[in-house]
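What follows is one structure encoded as structure tokens, with my remarks underneath.
The values are calculated or read from the model by the stated rules, or taken from the named source; none is laboratory data. On a predicted model such as this, the values are computed, not experimentally measured, just so you know. Every residue, glycine among them, receives a Cβ derived from its backbone with ideal geometry; neighbour counts consider all protein chains shown. Calculation scope for accessible area: heavy atoms of the full protein, side chains included, ligands and nucleic acids excluded. Shrake-Rupley method; radii C 1.70, N 1.55, O 1.52, S 1.80 Å.
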Amino acid sequence: MKLMHCPLNGWRNFGEFVYGGEVTLPPAHDADPKEWADWVFMEDNTAGVVREWWFHSPSSYWFIAERDNVRDVVLRTYPPEEIFQERVDFSSEGASQ
Amino acid sequence: MAVTPEHFNRRSFIYPRLIEAGAEFAEVIDAAVATRYPHDAPALGLVDLSPLPRTGIKGPRALEWLAAQGWPVPEDNNQAAHTESGGMVLRLGNREAFVLPAPRGDGETVHTLEQSIPGDGVWHMPRRDSHAWFLLRGEAGVDCMAKLCGVDLREAQFPRGAIAQTSVARLNTIVCRDMAGATPGFHLLADSASAIWFWDALLDAMQEFDGGPLGIHEID
């Protein structure tokens, strides 16, 4: 059985997890729409060690995994707070529209 | 006149199954709960606690607020703490808790808690309609669960008060080990829309241990 370590729940069968895409930092809220479209729709599709969002479905918990996608080995998993420590404030964007 | 689930607007998600099994019911707060069945209580029993109140809170200040209201909040995630009346607070994460009353009462306490949730950084997560609540009670419960769940639930690894948010019979479930009277048990909280299927799957798995449904008055 293939297992992954969830930072909240510990080791669990892979079937309890859902892939959530690459972890990339969003552009500034007033960046060019092309830059936003690239961030939303395009994948880097790197071969090697990548940083990915994963979701533990029974606990509705999102976390980050570093995975070597060539060897398909999960190297490390950790809570998103390690990278995302501040709430993104979009209020100024609403005011400019 | 005998109490039946149809007397109430609020009913267990599996009440047709309980009627089929010949359950006797009693009124608890605003619903009918199965109290006993027309057979001797099995050593491994499945109790339907779904009609009872329960609630949840979520938010950055949720646990801090709950503790300030006098509720016991466990120090670690995936741990449960008992209230004086026999209810439980299940800490599911740094920002989320699930509150269960004692199987035989104090639903009013849960109701009072729900009414006082402030909303600012502490949000109400209604759980009475979202989750079915079953109690698997009996010494053989751990062997039965081993058929349905990949997590090691033996007592040495999973003592009283431990919580696993995992898959049971391929259904996302919160499992919490507790004592039902003098007998070990597992509280099982899972998607209410799949409750009948879950009830049937559990009873099917319990067959080899001579298990069957159990009423709340048959819990020691």
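A:LEU3 - would you say it is open to solvent by 70 Å² or more (accessible area, probe 1.4 Å) and touching a helix residue (DSSP H, G or I) at 6+ places or on another chain (Cβ under 8 Å)? Show your work before the answer.
Values: open to solvent by 70 Å² or more (accessible area, probe 1.4 Å): yes; touching a helix residue (DSSP H, G or I) at 6+ places or on another chain (Cβ under 8 Å): yes.
It is true that A:LEU3 is open to solvent by 70 Å² or more (accessible area, probe 1.4 Å) and touching a helix residue (DSSP H, G or I) at 6+ places or on another chain (Cβ under 8 Å).
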_Index of the failed condition, B:LEU153 passing every other in (1) under 21 Å from B:LEU49 (Cβ atoms); (2) away from chain A (no Cβ under 14 Å)_ = (2)
_Looking only at region B:136-163, count every residue that is under 18 Å from B:GLY212 (Cβ atoms), open to solvent by 30 Å² or more (accessible area, probe 1.4 Å) and not charged (D, E, K, R) and tell me the total._
2
*Looking at B:TRP133, B:TRP65, B:TRP123, which is the one that is among the aromatic types (Phe, Trp, Tyr), surrounded by fewer than 21 Cβ atoms within 10 Å (Cβ to Cβ) and within 27 Å of B:ALA31 (Cα to Cα)?*
B:TRP123
_Out of the strands (runs of 3 or more DSSP E) lying entirely within region A:1-96, which hold 2 or more residues that are touching a residue at least 12 places away in the same chain (Cβ under 8 Å) and within 14 Å of chain B (Cβ to nearest Cβ)?_
A:3-6, A:10-13, A:17-22, A:49-56, A:61-68
*Out of (1) free of Cβ contacts under 8 Å to residues at least 60 places away in the same chain; (2) over 27 Å from A:ARG87 (Cβ atoms); (3) among the acidic types (Asp, Glu), the odd one out for B:ASP143 is which?*
(1)
_Among (1) more than 30 Å from B:ASN9 (Cβ to Cβ); (2) within 13 Å of another protein chain (Cβ to nearest Cβ); (3) not acidic (Asp, Glu) - the single one B:MET125 does not satisfy_ = (1)
*Just checking, how many residues over region B:144-194 are under 20 Å from A:PHE55 (Cα atoms) and assigned to a loop (DSSP other than H, G, I, E, B)?*
4
_Pick from region B:175-203, criterion of a type in the set (D, E, K, R) and either in contact with a Gly (Cβ under 8 Å, 6 or more places away or on another chain) or outside the structural domain of B:TRP133 (by TED's automatic domain parsing) (or both), ranking: farthest from B:PHE158 (Cα to Cα)_ = B:ASP178
_Condition check for B:PHE198: out of contact with any helix residue (DSSP H, G or I) (no Cβ under 8 Å at 6 or more places or on another chain), more than 17 Å from B:LEU90 (Cβ to Cβ), within 14 Å of another protein chain (Cβ to nearest Cβ) and of a type in the set (A, V, I, L, M, F, W, C)_ = yes
*Conditions (1) open to solvent by less than 40 Å² (accessible area, probe 1.4 Å); (2) farther than 26 Å from A:GLY10 by Cα; (3) over 13 Å from the mean Cα position of the chain (by Cα): number failed by B:GLY86*: (3)
*When only residues in region B:175-186 that are open to solvent by less than 10 Å² (accessible area, probe 1.4 Å) and hydrophobic (A, V, I, L, M, F, W, C) count, which is nearest to the other protein chains (Cβ to nearest Cβ)?*
B:VAL175
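So that you can scan it fast, the table gives a plain yes or no per residue for (1) at pLDDT below 95; (2) small (Gly, Ala, Ser); (3) under 22 Å from B:ALA81 (Cβ atoms):
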| site | (1), (2), (3) |
| --- | --- |
| B:GLY107 | yes, yes, yes |
| B:HIS111 | yes, no, yes |
| B:PHE158 | no, no, yes |
| B:MET179 | yes, no, yes |
| B:ALA195 | no, yes, no |
| B:ALA201 | no, yes, no |
| B:GLY211 | no, yes, no |
| B:LEU214 | no, no, no |
| B:HIS217 | yes, no, no |
*Restricting attention to region B:13-60, which residues are buried (at least 22 other Cβ atoms within 10 Å of the Cβ), under 26 Å from B:PHE209 (Cα atoms) and free of Cβ contacts under 8 Å to residues at least 60 places away in the same chain?*
B:TYR15, B:PHE25
_Conditions (1) in contact (Cβ under 8 Å) with a residue 12 or more places away in the chain; (2) part of a loop (DSSP other than H, G, I, E, B); number of the one not met by B:GLU75_ = (1)
*If you check B:ARG95 against the conditions, is it of a type outside the set (A, V, I, L, M, F, W, C) and crowded, with 23+ Cβ neighbours inside 10 Å?*
no
_Residue that is farthest from B:ARG61 (Cα to Cα), among those in region B:113-143 that are part of a helix (DSSP H, G or I) and modelled with pLDDT of 95 or more_ = B:ASP143
